[in-house]
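Novice: Can you keep this structure in mind? I'll have questions shortly.
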Amino acid sequence: MNPAPAAAVPRLHPKVRLQRDDVRERDVLLYPEGLVTLNPTGAEILGLCDGVRSLADIVAALEQRYAASGLERDVTSFLDGLAAKGLVIYGR
Amino acid sequence: MDAKPLWLLAELTYRCPLQCPYCSNPLDFAGSRFKQELTTEQWSRVFREAKALGVLQLGLSGGEPLLRPDLESLVASAHQLGLYTSLITSAHRLTQDRLAALKRAGLDHVQISVQAADAELSDRIAGTKAFNDKLAAYHFTKELGFPLTVNVVLHRENLHQVEALIRLAESLGAERIELANTQFYGWAFHNRDALMPTKAQLDAAWQVVLRERARLGTRLEIVWVLPDYHEQFPKPCMGGWARAYMTVTPGGEVWPCHAAGRITTLTFDNVRDRPLDWIWHQSDAFNRFRGEAWMPEPCRSCPRKAVDFGGCRCQAFLVAGDASLTDPVCSLAPQRHVIDAAVAQVERAAAARVQPAALTYRAAPASRALAAKG
């Protein structure tokens, strides 16, 4: 599968919920009969997936927040991995 | 070991309008042990305590959970806690209005069983007319925007329909189809010889699954629950005893899985008497087979013990007569010959075209008769 283009707008599939797991102090994705454990970076990326921001917007927001550059590949491959599981969908 | 549960199966009632002969409910579901159902308030407390323990996924099951008139308020209390709630239902008499009310209460996901791909066979297996209700419910489940799982228990009578079942799920726009080969517990164990398919049937169905998975990709997830009698190694049952999962029965007993109540050498605590936290961490039933210290040979020295956790305790009890033995479906287990004999008998009977014994349908009179027999 090719990486998603920078203009693609990622969002969680409607069946998926981003949820805080208080007991284990981490964030998780919950969906029918399953869950994915997120690290803090993953949770932050998904928090920016609001169905409006494009991949490029999300990368720019993170790069600004961390005064970093070159995050595009990591962010894209993280979201593509979830898209391959049907947990993230791309619009536009 | 600091295992915390992620999954809670809430069996809200053992009443059910269907009579499927492979039901996983206890054979004696109609007996005195299960008579008095928990109240709305008691269930809400169970959900609260489960969430505090670490549970994130809640299955609302039965019996038929729709028979609880308080289902909407149970869903609402689970939703307020942040639990991901799945309704596991036959959809019998389910209306669009009721499902819409459950949606407003916060229900996340709907799983509807079907017994076969056509009305005649499906209704015969269910022991009642149910197929048309199910089809209607599948459509309005999608119209209401729910993710939908189609669940089918597979056995000798319907394994030839695997392709038609997948096509049905695809045409309904389902996200998942669970092709659950019968696991032999409860009523299925009682009806085992009549339900068990031949190896040839299983091989043919598996080829269909492989082909359809390649065709459908992520559009429809096809879950194939292994027919463990025909496997070489046991399933990692529940991901290990008391590691991630628990079941609360209609009357409030807490079990490490929905079949464990049959193990007569264990006693199970009840949420009416004890906090869920105590039952999970302190009770004898949950600690008995937790971790690896209880394991006998050949598990104890086997590298697979970290993969399959010794298999299923209920199967060891049912087939080998002792819940602390290696799961007898394991090819290394001393009792594997019992499984082999059961499989061979089915193959011989099928080759000779011998009609299997009549099925005992899951119903209260049969349950009371079986309970009286012990």
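The values are calculated or read from the model by the stated rules, or taken from the named source; none is laboratory data. Predicted, not measured: the structure shown is a model, and the values here were computed from it. Here the Cβ positions follow ideal geometry from the backbone for every residue, glycine too, while neighbour counts run over all protein chains shown.
Novice: Only one of (1) farther than 13 Å from residue A:82 by Cβ; (2) away from chain B (no Cβ under 14 Å); (3) not β-branched (Val, Ile, Thr) is not met by residue A:42, so which one is it?
Specialist: Just one mismatch for residue A:42, condition (1).
Novice: If you don't mind, another one. Of the residues in the range A:35-66, how many are surrounded by 15 or more Cβ atoms within 10 Å (Cβ to Cβ) and either closer than 23 Å to residue B:217 by Cα or of a type in the set (Asp, Glu) (or both)?
Specialist: Number satisfying all stated conditions: 5.
Novice: Considering only the range B:168-179, how many residues are part of a strand (DSSP E or B) and more than 12 Å from chain A (Cβ to nearest Cβ)?
Specialist: 1
Novice: Also, I was wondering about something else. Can we say residue A:37 is β-branched (Val, Ile, Thr) and assigned to a helix (DSSP H, G or I)?
Specialist: No: the conditions fail for residue A:37.
Novice: Further question on the same structure: For the range B:104-132, enumerate the residues that are within 14 Å of another protein chain (Cβ to nearest Cβ) and either of a type in the set (Gly, Ala, Ser) or in a strand (DSSP E or B) (or both).
Specialist: Correct list: B:106, B:109, B:110, B:111, B:112.
Novice: Further question: Pairs only if they're at least six apart or on different chains, beta carbon under 9 angstrom, first in the range B:206-231 and farther than 26 Å from residue B:185 by Cα and without any contact (Cβ under 8 Å) to a residue 12 or more places away in the chain, second in a helix (DSSP H, G or I) and not β-branched (Val, Ile, Thr); list them, first residue then second.
Specialist: The qualifying pairs are B:211/B:163; B:218/A:83; B:218/A:84.
Novice: Do we find that residue B:250 is closer than 18 Å to residue B:23 by Cβ, assigned to a loop (DSSP other than H, G, I, E, B) and of a type outside the set (Lys, Arg) in this structure? Can you show your working first?
Specialist: Numbers: closer than 18 Å to residue B:23 by Cβ: yes; assigned to a loop (DSSP other than H, G, I, E, B): yes; of a type outside the set (Lys, Arg): yes.
Spelling it out, residue B:250 is indeed closer than 18 Å to residue B:23 by Cβ, assigned to a loop (DSSP other than H, G, I, E, B) and of a type outside the set (Lys, Arg).
Novice: Scan the range B:5-20 for residues that are over 15 Å from the mean Cα position of the chain (by Cα) and within 14 Å of chain A (Cβ to nearest Cβ) and jot them down.
Specialist: Listed by number, the residues that qualify are B:5, B:6.
Novice: Checking residue A:69 against (1) of a type in the set (Ser, Thr, Tyr); (2) surrounded by 16 or more Cβ atoms within 10 Å (Cβ to Cβ); (3) more than 11 Å from chain B (Cβ to nearest Cβ), only one condition comes out false. Which one?
Specialist: Residue A:69 satisfies every listed condition except (2).
Novice: Looking at B:300, B:274, can you tell me which residue is under 25 Å from residue B:249 (Cα atoms) and in a loop (DSSP other than H, G, I, E, B)?
Specialist: Going through B:300, B:274 in turn, the sole match is B:274.
Novice: For residues in the range B:21-36 being touching a Gly at 6+ places or on another chain (Cβ under 7 Å), surrounded by 19 or more Cβ atoms within 10 Å (Cβ to Cβ) and assigned to a loop (DSSP other than H, G, I, E, B), which is nearest to the other protein chains (Cβ to nearest Cβ)?
Specialist: Going through the qualifying residues, I end up with B:24.
Novice: Let me ask something else. Scan the range B:133-163 for residues that are of a type in the set (Gly, Ala, Ser) and either buried (at least 18 other Cβ atoms within 10 Å of the Cβ) or not in a helix (DSSP H, G or I) (or both) and jot them down.
Specialist: B:137, B:145, listed by residue number.
Novice: Then there's this: From the list B:266, B:276, B:325, which residue is over 30 Å from residue B:41 (Cβ atoms) and at pLDDT 95 or above?
Specialist: Only one candidate qualifies: B:325.
Novice: Scan the range B:176-205 residue by residue and report those that are surrounded by 23 or more Cβ atoms within 10 Å (Cβ to Cβ) and under 14 Å from residue B:112 (Cβ atoms).
Specialist: Correct list: B:177 only.
Novice: Separate question: Give the residue, chosen from A:31, A:90, that is under 12 Å from the mean Cα position of the chain (by Cα), hydroxyl-bearing (Ser, Thr, Tyr) and under 29 Å from residue B:148 (Cα atoms). Quick ask: steps written out before the conclusion?
Specialist: On the way: A:31 fails: under 12 Å from the mean Cα position of the chain (by Cα).
Going through A:31, A:90 in turn, just one is under 12 Å from the mean Cα position of the chain (by Cα), hydroxyl-bearing (Ser, Thr, Tyr) and under 29 Å from residue B:148 (Cα atoms): A:90.
Novice: So in the range B:37-51, with the set limited to residues that are out of contact with any helix residue (DSSP H, G or I) (no Cβ under 7 Å at 6 or more places or on another chain) and within 14 Å of another protein chain (Cβ to nearest Cβ), which one is surrounded by the most Cβ atoms within 10 Å (Cβ to Cβ)?
Specialist: B:51
Novice: Related question: Can you tell me which condition residue B:166 does not meet? The list is (1) crowded, with 23+ Cβ neighbours inside 10 Å; (2) within 16 Å of the chain's Cα centre (by Cα), and all the others hold.
Specialist: (2)
Novice: Residues of the range B:211-244 being in a strand (DSSP E or B) and either exposed (fewer than 14 other Cβ atoms within 10 Å of the Cβ) or not charged (D, E, K, R) (or both), which ones?
Specialist: Result: B:222, B:223, B:224, B:225.
Novice: Considering only residues that are away from chain A (no Cβ under 14 Å) and in a loop (DSSP other than H, G, I, E, B), which ones fall in the range B:58-103?
Specialist: Hits for the range B:58-103 are B:62, B:63, B:64, B:68, B:69, B:70, B:90, B:91, B:92, B:93, B:94, B:95.
Novice: Condition first: outside any loop (DSSP other than H, G, I, E, B), in contact with a Phe, Trp or Tyr (Cβ under 9 Å, 6 or more places away or on another chain) and among the aliphatic types (A, V, I, L, M). Now tell me which residues in the range A:13-34 satisfy that.
Specialist: First, pick out the residues of the range A:13-34 that are outside any loop (DSSP other than H, G, I, E, B): A:17-21, A:26-31, A:34.
Of the ones still in play, those that are also in contact with a Phe, Trp or Tyr (Cβ under 9 Å, 6 or more places away or on another chain) are A:17, A:19, A:30-31.
Selection gives A:30 alone.
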